[in-house]
């Protein structure tokens, strides 16, 4: 009798474990189904039925579009500067050619245009706080000059270099041809000026 009772007790425990396991699995299935339904309902609130969502890996066209957007975002419509790669020059431009202006900037001759025509610029070459045209004498024909006005970038190629009297303003006369004229002092020759002229080329 004792053996039978012990055996029956073991069966009851085993049966109880099996029933508990079945109940656990059943409840677990119900719980996850409800969670999935809640998640689906949340998505429906975020994404309306009439909106199609498509996820794709970026291709070259998408990457290029992103680059264009970044370039547009970084576009500075107030940028006014001159760049001369040959002499490692990148300098801001400001209206006027007074000493105060040229102590900070490359000065723009107010009598000359800022975009088309003959654009006139001046800067110190030595003895001041900034001497942007210090190495202007190193330029040669065909050297590149990059001029930016209101965010528009234009390229020029040097075609004329020379020395003029300080009273000679002919190099700054306006022309139909798009030019860039740079003027600075001549070392130890106060009555003379150095000039560099460049012709606009296709970008």
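The values are calculated or read from the model by the stated rules, or taken from the named source; none is laboratory data. What you see is a predicted model, and the numbers here were worked out from it, not measured in a lab. Every residue, glycine among them, receives a Cβ derived from its backbone with ideal geometry; neighbour counts consider all protein chains shown.
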Query raised in the report: Only one of these conditions is not met by residue 111: (1) in contact (Cβ under 8 Å) with a residue 40 or more places away in the chain; (2) loosely packed, with under 14 Cβ neighbours inside 10 Å; (3) within 18 Å of residue 82 (Cα to Cα). Which number is it?
Result: (3)
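Before we move on, is residue 172 in contact with a strand residue (DSSP E or B) (Cβ under 8 Å, 6 or more places away or on another chain), in the same structural domain as residue 110 (by TED's automatic domain parsing) and under 20 Å from residue 93 (Cβ atoms)?
Working: in contact with a strand residue (DSSP E or B) (Cβ under 8 Å, 6 or more places away or on another chain): yes; in the same structural domain as residue 110 (by TED's automatic domain parsing): yes; under 20 Å from residue 93 (Cβ atoms): yes.
Spelling it out, residue 172 is indeed in contact with a strand residue (DSSP E or B) (Cβ under 8 Å, 6 or more places away or on another chain), in the same structural domain as residue 110 (by TED's automatic domain parsing) and under 20 Å from residue 93 (Cβ atoms).
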Report task. Could you tell me whether any residue of the stretch 161-169 is modelled with pLDDT of 95 or more, closer than 16 Å to residue 106 by Cβ, assigned by TED's automatic domain parsing to the domain that holds residue 90 and surrounded by 14 or more Cβ atoms within 10 Å (Cβ to Cβ)? Result -> no
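Only one residue in 90, 130 is in the same structural domain as residue 195 (by TED's automatic domain parsing) and assigned to a loop (DSSP other than H, G, I, E, B), so which one is that? I'd like the intermediate steps shown before the answer.
Working: 90 fails: assigned to a loop (DSSP other than H, G, I, E, B).
On inspection, the qualifying residue turns out to be 130.
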